[in-house]
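Trainee: One structure is given below, represented as structure tokens, and several questions about it will come after.
The values are calculated or read from the model by the stated rules, or taken from the named source; none is laboratory data. In this text, all values refer to a predicted model and were calculated from it rather than measured experimentally. All Cβ positions, glycine included, derive from the backbone under ideal geometry; neighbour counts span all protein chains shown.
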């Protein structure tokens, strides 16, 4: 992980401590809570740093406010601009309101109304929202053009010294709140601002602690940057973990993470969904996909964690309830419990009954069925989704389909078709 890199910028501990003073009364000192379920599961002492309990429901207020607070009087007079599809926008909006500075926030046009309303609520009359483009990149480009044309400050979501120093206060709090030495800290990585600030604090104050960055498997921008030695733009990413699905990490954050991280891993989006469901059902904790990354990562380190003191940063809880069905679906798919097929039904009376009685297992459940009868054909294809109780039941199910001449095609491993179902 350690390579020789020409240093451009490295956060000073004093700067992060100064940011902590700036944030008093603005950002909550969130609790560091021991989690007994996770501790028992992994035979370790697992603590959760609850950044989901911030007023804006994520750590983003820290960096946004610290950056805006650093502006000169002339810069304040002109206002600021940012681009975001979620948490950064809310942090910037609240910072604008508290500092009484005008802000223009560019968000993609498809952003859910609930998120837009949250930004408007936090910013009040100090914030103007511009819905531009179909993606974050479209909004980002428009925001940078707007900032350059009007000569006003652009508040970057992660690749900015003051933003990084503000996010670093999460690390200061963890060290101050812990009564024992910390062996591991798992930190979510999107653009790398939180990981850069937090890891810098630990390198100063607790260098023995291993800092592990965690990204979604569908958007491994920091992992690729560390492998290639420079930030590169990923053209195709899975945007499901929206708080951490970044196409390209920053120049500053890449440099700092290259020096500081002791590991950089990815977790499948399906595992993230399983964690979201478990955190809600077992702990009554609502986490967004990015907020579930660190707990999801524990499974990859299970053999190393026994008896250790572990901190997982829960970065946010801005989860849209309308995504619940997709979250459950992705979790079932990840666990091998949901499968889609093209089934070729003989076009005769009783064919469906035969399939249900003789093909489906005792505990198998049809959860999706789409069929259109073609009278000129011997067989009529149907798309069928089947939920299993045990993943081991899949092979016998397929064997029965083939033996009784119902099997057409398995769709889970055909992404071009599968994307229309999930």
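Trainee: Please determine, by comparing only the residues of region 210-225 that are surrounded by fewer than 22 Cβ atoms within 10 Å (Cβ to Cβ) and in contact with a helix residue (DSSP H, G or I) (Cβ under 7 Å, 6 or more places away or on another chain), which one is nearest to residue 267 (Cα to Cα).
Mentor: Going residue by residue through region 210-225, those that are surrounded by fewer than 22 Cβ atoms within 10 Å (Cβ to Cβ) are 210, 217-218, 220, 223-224.
Still in the list and also in contact with a helix residue (DSSP H, G or I) (Cβ under 7 Å, 6 or more places away or on another chain): 217-218.
Details: 217: 5, 218: 9 Å.
Across region 210-225, the extreme among qualifying residues is 217.
Trainee: Residue 91: over 16 Å from residue 154 (Cα atoms), surrounded by 16 or more Cβ atoms within 10 Å (Cβ to Cβ) and in the same structural domain as residue 148 (by TED's automatic domain parsing), yes or no?
Mentor: Numbers: over 16 Å from residue 154 (Cα atoms): no; surrounded by 16 or more Cβ atoms within 10 Å (Cβ to Cβ): yes; in the same structural domain as residue 148 (by TED's automatic domain parsing): yes.
It is false that residue 91 is over 16 Å from residue 154 (Cα atoms), surrounded by 16 or more Cβ atoms within 10 Å (Cβ to Cβ) and in the same structural domain as residue 148 (by TED's automatic domain parsing).
Trainee: If we keep just the residues of region 283-309 that are assigned to a helix (DSSP H, G or I) and closer than 18 Å to residue 53 by Cα, which is nearest to the chain's Cα centre (by Cα)? Break it down stepwise before answering.
Mentor: Filtering region 283-309 for residues assigned to a helix (DSSP H, G or I) gives 283, 290-304.
Pick out the ones that are also closer than 18 Å to residue 53 by Cα and you get 283, 290-295.
Details: 283: 19, 290: 2, 291: 6, 292: 7, 293: 6, 294: 10, 295: 12 Å.
Here the answer is 290.
Trainee: Tell me, which helices (runs of 4 or more DSSP H) wholly within region 32-98 include 2 or more residues that are within 22 Å of the chain's Cα centre (by Cα), closer than 18 Å to residue 192 by Cα and touching a residue at least 12 places away in the same chain (Cβ under 8 Å)? Break it down stepwise before answering.
Mentor: Working: elements: 36-42, 60-69, 73-78.
Where helices (runs of 4 or more DSSP H) fall fully within region 32-98 and carry at least 2 residues being within 22 Å of the chain's Cα centre (by Cα), closer than 18 Å to residue 192 by Cα and touching a residue at least 12 places away in the same chain (Cβ under 8 Å), they are 60-69.
Trainee: May I ask you to verify whether residue 66 is under 23 Å from residue 317 (Cα atoms), modelled with pLDDT of 95 or more, surrounded by 15 or more Cβ atoms within 10 Å (Cβ to Cβ) and assigned by TED's automatic domain parsing to the domain that holds residue 122? Working first, answer last.
Mentor: Values: under 23 Å from residue 317 (Cα atoms): yes; modelled with pLDDT of 95 or more: yes; surrounded by 15 or more Cβ atoms within 10 Å (Cβ to Cβ): yes; assigned by TED's automatic domain parsing to the domain that holds residue 122: yes.
Taking the combined requirement at face value, the residue satisfies it.
Trainee: Check whether at least one residue in region 258-267 is buried (at least 17 other Cβ atoms within 10 Å of the Cβ), within 12 Å of the chain's Cα centre (by Cα) and not assigned by TED's automatic domain parsing to the domain that holds residue 134, and report yes or no.
Mentor: Looking through region 258-267, at least one residue is buried (at least 17 other Cβ atoms within 10 Å of the Cβ), within 12 Å of the chain's Cα centre (by Cα) and not assigned by TED's automatic domain parsing to the domain that holds residue 134.
Trainee: For region 210-239, what are the residues that are part of a loop (DSSP other than H, G, I, E, B) and touching a strand residue (DSSP E or B) at 6+ places or on another chain (Cβ under 7 Å)? Outline the logic, then answer.
Mentor: In the first step, residues of region 210-239 are kept if they are part of a loop (DSSP other than H, G, I, E, B); the result is 217-220, 229-239.
Once the filter is applied, which keeps residues that are part of a loop (DSSP other than H, G, I, E, B) and touching a strand residue (DSSP E or B) at 6+ places or on another chain (Cβ under 7 Å), region 210-239 yields 217, 220, 238.
Trainee: Quick test of your reading of the structure: residue 38 fulfils all but one of (1) surrounded by 24 or more Cβ atoms within 10 Å (Cβ to Cβ); (2) over 19 Å from residue 200 (Cα atoms). Name the failing condition by number.
Mentor: (1)
Trainee: With touching a helix residue (DSSP H, G or I) at 6+ places or on another chain (Cβ under 8 Å), more than 29 Å from residue 309 (Cα to Cα) and not in a loop (DSSP other than H, G, I, E, B) as the only criterion, which of 252, 198 stands out? Steps first, please.
Mentor: Numbers: 198 fails: more than 29 Å from residue 309 (Cα to Cα).
Sole residue among the options that is touching a helix residue (DSSP H, G or I) at 6+ places or on another chain (Cβ under 8 Å), more than 29 Å from residue 309 (Cα to Cα) and not in a loop (DSSP other than H, G, I, E, B): 252.
Trainee: Quick check on my filter: what residues within region 310-337 are in contact (Cβ under 8 Å) with a residue 60 or more places away in the chain and not in a helix (DSSP H, G or I)?
Mentor: To start, the set of residues in region 310-337 that are in contact (Cβ under 8 Å) with a residue 60 or more places away in the chain comprises 310-318, 320, 322, 326, 329-331, 333-335.
310, 311, 312, 313, 314, 315, 316, 317, 318, 320, 335 - these are the residues of region 310-337 that are in contact (Cβ under 8 Å) with a residue 60 or more places away in the chain and not in a helix (DSSP H, G or I).
Trainee: Residue check, residue 207 against (1) assigned to a loop (DSSP other than H, G, I, E, B); (2) more than 15 Å from residue 13 (Cα to Cα), all met but one. Which one?
Mentor: Failed condition: (2).
Trainee: I would also like to ask the following. Filter region 121-136 down to residues that are crowded, with 17+ Cβ neighbours inside 10 Å, at pLDDT 95 or above and touching a strand residue (DSSP E or B) at 6+ places or on another chain (Cβ under 8 Å), then give me how many there are.
Mentor: Taking region 121-136 and keeping what is crowded, with 17+ Cβ neighbours inside 10 Å, we get 122-123, 126-127, 129, 132-133, 136.
Filter again for at pLDDT 95 or above, leaving 122-123, 126-127, 129.
Imposing the further condition that a residue be touching a strand residue (DSSP E or B) at 6+ places or on another chain (Cβ under 8 Å) reduces the set to 123, 126-127, 129.
Going through region 121-136 one residue at a time, the tally reaches 4.
Trainee: Considering 20, 44, 89, 73, which residue is touching a helix residue (DSSP H, G or I) at 6+ places or on another chain (Cβ under 7 Å) and more than 29 Å from residue 224 (Cβ to Cβ)?
Mentor: Details: 44 fails: touching a helix residue (DSSP H, G or I) at 6+ places or on another chain (Cβ under 7 Å); 89 fails: more than 29 Å from residue 224 (Cβ to Cβ); 73 fails: touching a helix residue (DSSP H, G or I) at 6+ places or on another chain (Cβ under 7 Å).
Going through 20, 44, 89, 73 in turn, the sole match is 20.
Trainee: Criterion first (within 24 Å of residue 83 (Cβ to Cβ) and touching a helix residue (DSSP H, G or I) at 6+ places or on another chain (Cβ under 8 Å)) does residue 246 satisfy it? Before the answer, list the steps.
Mentor: Values: within 24 Å of residue 83 (Cβ to Cβ): yes; touching a helix residue (DSSP H, G or I) at 6+ places or on another chain (Cβ under 8 Å): yes.
When the stated conditions are applied, residue 246 passes them.
Trainee: Right, something else. When you go through 122, 158 one by one, which is the residue that is touching a helix residue (DSSP H, G or I) at 6+ places or on another chain (Cβ under 9 Å) and part of a helix (DSSP H, G or I)? Break it down into steps so the answer makes sense when it comes.
Mentor: Numbers: 158 fails: part of a helix (DSSP H, G or I).
Going through 122, 158 in turn, just one is touching a helix residue (DSSP H, G or I) at 6+ places or on another chain (Cβ under 9 Å) and part of a helix (DSSP H, G or I): 122.
Trainee: Can you report the number of residues in region 267-282 which are closer than 14 Å to residue 333 by Cα and not in a loop (DSSP other than H, G, I, E, B)? Let's see the steps before the verdict.
Mentor: If we filter region 267-282 for residues that are closer than 14 Å to residue 333 by Cα, which is where we start, we get 268-275, 277.
Right, trim to not in a loop (DSSP other than H, G, I, E, B) and you get 269-275, 277.
Number of matching residues: 8.
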